[in-house]
Amino acid sequence: MTIIDNNLVQTFYKKRKPNTHKGDFGHAFLIVGSPNKMGAALIASKACLRAGVGLLTTNVPKEEKTSVTNFIPEAMLYFRENSIDFTPFNAVGIGPGLEQNEASQKIVYTSLLKVRKNLVLDADALNILAQNPDWFSQLPKQTILTPHPKEFDRLFGTHTSEEARRETAHKKATQWNCIIILKGHQTFITNGIDSYENTTGNSGLAKGGSGDALTGIITAFLAQHYPPIHAAIISVYLHGLAADITLSKQSEESMLISDVIENLGWAFKKIAE
Ligand SMILES: NC(=O)C1=CN([C@@H]2O[C@H](COP(=O)(O)OP(=O)(O)OC[C@H]3O[C@@H](n4cnc5c(N)ncnc54)[C@H](O)[C@@H]3O)[C@@H](O)[C@H]2O)[C@@H](O)CC1
Ligand SMILES: Nc1ncnc2c1ncn2[C@@H]1O[C@H](COP(=O)(O)OP(=O)(O)O)[C@@H](O)[C@H]1O
Ligand SMILES: [Mg+2]
């Protein structure tokens, strides 16, 4: 098992060159939010933009458009409908704040078939996959799954220890050629060949919305052409590092994921040192 620290991340982090344009940093697409969970859509979108993506399009229910335009003017909108044209997008993240209704099930299945690379599944996208285990064989290669332990057990059966989950994660990542990020205090990442354990983050992240931000960050790094395993590692590391930096002004109790997202810039500066 490899420990994720600054040294590891510096081996592949690509600092921005001066003569670049937004096209160099990819176009991310986030399928997120539902009427009662637009916060998740906003958090994921903000984090995606703060993680360096060139362009972001956010897919939300049409009636919820004002929340995105009012809070995140940098994001473009694509209203939720049955058929989605994925061709403009370099990476797709699905799940935060979605629902598990029939329309969401269709969107998840269509995405598995149409998005051939750089896909992240989180939250209700994982819960939908858990209800349709035959879809595992349709996952695009190196799809990133980001379950917390409860979502993990819905996907792969009940486990009684974190160690047992890690073992299953390793096996399932090999079987389905995917990357599993098992979230928690020391997040574990595996692609079925190599495994990693994160060293950043604190219990201030134990509050709703933290995982939604991580999904936005991973989608941003995939869009920026990082190989999926590197996108997984740097995202988990930066997300935790930004939370650790947030402790200089907030406590574990008072910390909001919005504060953490605002500190992503300081976390980037630390890995660029
Ligand atoms: N502002 C918003 O709109 C928010 C929307 N959210 C969305 O709400 C939906 C439901 O997500 P939830 O994850 O809350 O629901 P779940 O019912 O899937 O999971 C919540 C439960 O999982 C368990 N759990 C989580 N992390 C654990 C850990 N490290 N160790 C042990 N047990 C752990 C806990 O029992 C926790 O109560 C998702 O779509 C999510 O994106 C949430 O992120 C909260 C904020
Ligand atoms: N005690 C902790 N220490 C470090 N990281 C934590 C801790 N608690 C939660 N996290 C991180 O916060 C995130 C929580 O994700 P998740 O449960 O999906 O949140 P949500 O669905 O509410 O957005 C994960 O990245 C997890 O690793
Ligand atoms: Mg979550």
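The values are calculated or read from the model by the stated rules, or taken from the named source; none is laboratory data. Because the structure is predicted, anything quoted here is derived from the model rather than measured. Quick reminder, even Gly has a Cβ in these numbers, built from the backbone with ideal geometry, and neighbours come from all protein chains shown.
Please count how many residues of region 73-105 are β-branched (Val, Ile, Thr) and within 14 Å of ligand 1 (Cβ to nearest atom).
So the answer is 1.
Give, as residue ranges, the helices (runs of 4 or more DSSP H) completely inside region 140-253 that count at least 1 residues that are of a type in the set (Phe, Trp, Tyr) and away from ligand 2 (no atom under 13 Å from the Cβ).
149-156, 162-176, 210-223
Applying the selection to region 78-122, what residues are in a strand (DSSP E or B) and within 16 Å of ligand 2 (Cβ to nearest atom)?
Gly93, Ile94, Val120, Leu121
For region 105-135, how many residues meet the condition of being of a type in the set (Ser, Thr, Tyr) and either buried (at least 21 other Cβ atoms within 10 Å of the Cβ) or in contact (Cβ under 8 Å) with a residue 60 or more places away in the chain (or both)?
Total meeting the criteria: 1.
Pairs, please: C-beta under 6 Å, at least 6 apart or cross-chain, first residue within 22 Å of Ser111 (Cβ to Cβ) and in region 59-84, second assigned to a loop (DSSP other than H, G, I, E, B) and at pLDDT below 95?
Listed by first residue and then by second, the contacts come to Asn59/Arg80; Pro61/Arg80.
Does at least one position in region 245-256 carry a residue that is crowded, with 18+ Cβ neighbours inside 10 Å and within 16 Å of ligand 3 (Cβ to nearest atom)?
No, there is no match, as no residue in region 245-256 is crowded, with 18+ Cβ neighbours inside 10 Å and within 16 Å of ligand 3 (Cβ to nearest atom).
For region 26-41, name all the residues that are part of a strand (DSSP E or B) and either of a type in the set (Phe, Trp, Tyr) or within 15 Å of ligand 3 (Cβ to nearest atom) (or both).
If the condition is that a residue be part of a strand (DSSP E or B) and either of a type in the set (Phe, Trp, Tyr) or within 15 Å of ligand 3 (Cβ to nearest atom) (or both), then Phe29, Leu30, Ile31 are the ones that fit.
Considering each of Gly23, Gly52 in turn, give the residue that is outside any helix (DSSP H, G or I) and either at pLDDT below 95 or of a type outside the set (Val, Ile, Thr) (or both).
Checking each option against the conditions leaves just Gly52.
Each row is one residue, and each column tells you yes or no for (1) over 18 Å from Asp5 (Cβ atoms); (2) without any contact (Cβ under 8 Å) to a residue 24 or more places away in the chain; (3) within 16 Å of ligand 1 (Cβ to nearest atom); (4) not charged (D, E, K, R).
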{"residue": "Leu182", "(1), (2), (3), (4)": "yes, no, yes, yes"}
{"residue": "Thr190", "(1), (2), (3), (4)": "no, no, no, yes"}
{"residue": "Ser195", "(1), (2), (3), (4)": "no, no, no, yes"}
{"residue": "Gly204", "(1), (2), (3), (4)": "yes, no, yes, yes"}
{"residue": "Gln224", "(1), (2), (3), (4)": "yes, no, no, yes"}
{"residue": "Ala231", "(1), (2), (3), (4)": "no, no, no, yes"}
{"residue": "Tyr237", "(1), (2), (3), (4)": "no, no, no, yes"}
{"residue": "Glu253", "(1), (2), (3), (4)": "yes, no, no, no"}
{"residue": "Leu256", "(1), (2), (3), (4)": "yes, no, yes, yes"}
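Being crowded, with 24+ Cβ neighbours inside 10 Å, touching a Gly at 6+ places or on another chain (Cβ under 7 Å) and touching a residue at least 24 places away in the same chain (Cβ under 8 Å) narrows it down to one of Ala242, Ala213, Ala220, so name that one.
Sole residue among the options that is crowded, with 24+ Cβ neighbours inside 10 Å, touching a Gly at 6+ places or on another chain (Cβ under 7 Å) and touching a residue at least 24 places away in the same chain (Cβ under 8 Å): Ala220.
A quick yes/no check of all residues on (1) more than 27 Å from Ser195 (Cβ to Cβ); (2) touching a residue at least 40 places away in the same chain (Cβ under 8 Å):
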| position | (1), (2) |
| --- | --- |
| Val9 | no, yes |
| Phe12 | no, yes |
| His21 | yes, no |
| Leu30 | yes, yes |
| Ser34 | yes, yes |
| Leu42 | yes, no |
| Ser45 | yes, yes |
| Arg50 | yes, yes |
| Thr57 | yes, no |
